[in-house]
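**Q** Input: one structure, supplied below.
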Amino acid sequence: MTTNQQRLHNGDLYLPSDADLAQAQSSYLERLYDFNHTRPSEAAQRQTLLKAMLAEIGPDCYVEPPFHSNWGGHHVHFGKNIYANFNLTLVDDTHIYVGDNTMFGPNVTLATAGHPILPALRAQGYQYNAPVHIGKNCWLGAGVIVLPGITIGDNVVIGAGSIVTKDLPANVLAAGDPAKVLRTVNQHDRDYYFKDRRIDSKLLP
């Protein structure tokens, strides 16, 4: 028999109001509360809490409070050197995977949870989840929203305010609502970092 705990991760409909799920979720949210109430001077404590909260976290990760997460980060997998600005929201009812060196601007949301369109099911509180995968060395601009089940390739830049409704391949710039690929990362990006501001070649590997 499939349990509600298993339904969190297999895409089936389930009831998040299940007492066992709610109890487990509450315990993880207690740690999240502690993290969000640390002082700027308590960097070491923040790192200790993140390691306890997240399913996986590599070295040199920084998450700026406030940080919001449905399961307190319990289903979140961070690589190394992840940077998240204010108000990162991870709807981590199932797993979220983020690759090394990825950056999140303020107010980014990664959502794994959805609800049926059929009103009769939604009225009963049913939910389903689909994992989100973010590649290595990505930059998601301020206010980006990534919907359930999305995979984003390595080295992707997503413009501020975009809503990602479909998978994105590696090495592209995407933007819009819904987000669309505008172009690939190209020679122009190797020459200029912003408008007419040239990159010093000594900075390049």
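**Q** From the phi of every residue in region 3-10, what ³J(HN,Hα) in whole Hz does the Karplus formula 6.51 cos²θ - 1.76 cosθ + 1.60 yield, where θ is phi - 60° and glycine or proline is x?
**A** 8, 4, 4, 5, 5, 3, 10, 10
**Q** If you place +1 on the Cβ of every Lys and Arg and -1 on the Cβ of every Asp and Glu, how big does the dipole about the Cα centre of region 117-188 come out, in debye to the nearest 20?
**A** Dipole of region 117-188, to the nearest 20 debye: 60 debye.
**Q** Continuing with the same structure: Probe radius 1.4 Å, ligands and nucleic acids left out: which of LYS202, LYS80, LYS166 has the largest accessible area, and how do the rest follow? List each step's numbers first, then the result.
**A** Values: LYS202 170, LYS80 100, LYS166 145 Å².
The ordering from most to least exposed comes out as LYS202, LYS166, LYS80.
**Q** Cα centroids of region 153-205 and region 1-63: how far apart, whole angstrom?
**A** 31
**Q** Please state the charge dipole magnitude for the chain, taken about the Cα centre, from unit charges on C-beta atoms (+1 on K and R, -1 on D and E), reported in debye and rounded to the nearest 20. Show your work: numbers first, answer last.
**A** Details: 16 positive and 19 negative charges, 108 e Å.
Using only the charged Cβ atoms, the result is roughly 520 debye.
**Q** Right, another one. Step through the residues of region 189-194 one at a time and calculate ³J(HN,Hα) from phi using the Karplus curve (6.51 cos²θ - 1.76 cosθ + 1.60, θ = phi - 60°), rounding each to whole Hz and writing x for Gly and Pro.
**A** 6, 7, 9, 10, 9, 6
**Q** Could I ask something else about it? In terms of the ratio Rg/(2.2 N^0.38 Å) built on C-alpha atoms, what value belongs to region 36-81?
**A** Values: Rg = 10.1 Å, N = 46, 2.2 N^0.38 = 9.4 Å.
Dividing the Cα Rg of region 36-81 by 2.2 N^0.38 Å gives 1.07.
**Q** Which ³J(HN,Hα) values in Hz, rounded to whole numbers, follow from the phi angles of region 72-86 under the Karplus curve 6.51 cos²θ - 1.76 cosθ + 1.60, where θ = phi - 60° and Gly and Pro get x?
**A** Karplus-based 3J(HN,Hα) across region 72-86 equals x, x, 4, 10, 9, 10, 9, x, 8, 6, 8, 10, 10, 7, 3 Hz.
**Q** Now for a separate question. Given the options ASP18, ASP93, ASP167, which has the most mean-square fluctuation in a GNM of the chain, springs set between C-alpha atoms less than 10 angstrom apart?
**A** ASP18
**Q** Given a 1.4 Å probe and heavy atoms of the protein chains only, how would you sort MET103, MET53, largest accessible area at the top? Can you show the working numbers first?
**A** On the way: MET103 85, MET53 5 Å².
Largest to smallest exposure gives the sequence MET103, MET53.
**Q** A further question follows. Quick check: from the Cα gyration tensor, does the chain come out rounded (a/c under 1.5), prolate or oblate?
**A** Because a/c hits 1.5 or more and a/b fails to exceed b/c, the chain counts as oblate.
**Q** With respect to the cross-link table entries LYS136/LYS195; LYS166/LYS202; LYS80/LYS195; LYS136/LYS202, which display a Cα-Cα separation exceeding 27 Å? Before the final figure, lay out the partial values.
**A** Details: LYS136/LYS195 25 Å; LYS166/LYS202 37 Å; LYS80/LYS195 30 Å; LYS136/LYS202 23 Å.
Pairs exceeding the cut-off: LYS166/LYS202; LYS80/LYS195.
**Q** With every protein chain present, what is the per residue accessible area of region 101-205 (1.4 Å probe, Å²)?
**A** Using a 1.4 Å probe on heavy atoms only, each residue of region 101-205 averages 58 Å².
**Q** Quick one: pull the percent of accessible area on region 81-178 belonging to carbon and sulfur, 1.4 Å probe, ligands and nucleic acids left out.
**A** 61
The values are calculated or read from the model by the stated rules, or taken from the named source; none is laboratory data. None of these values were measured; they are calculated from a predicted model. Cβ sites come from the backbone with ideal geometry, for glycine too, and all protein chains shown count toward neighbours. Please note that ligands, DNA and RNA were not included when accessible areas were found on the heavy atoms of the full protein model with its side chains. Shrake-Rupley method; radii C 1.70, N 1.55, O 1.52, S 1.80 Å.
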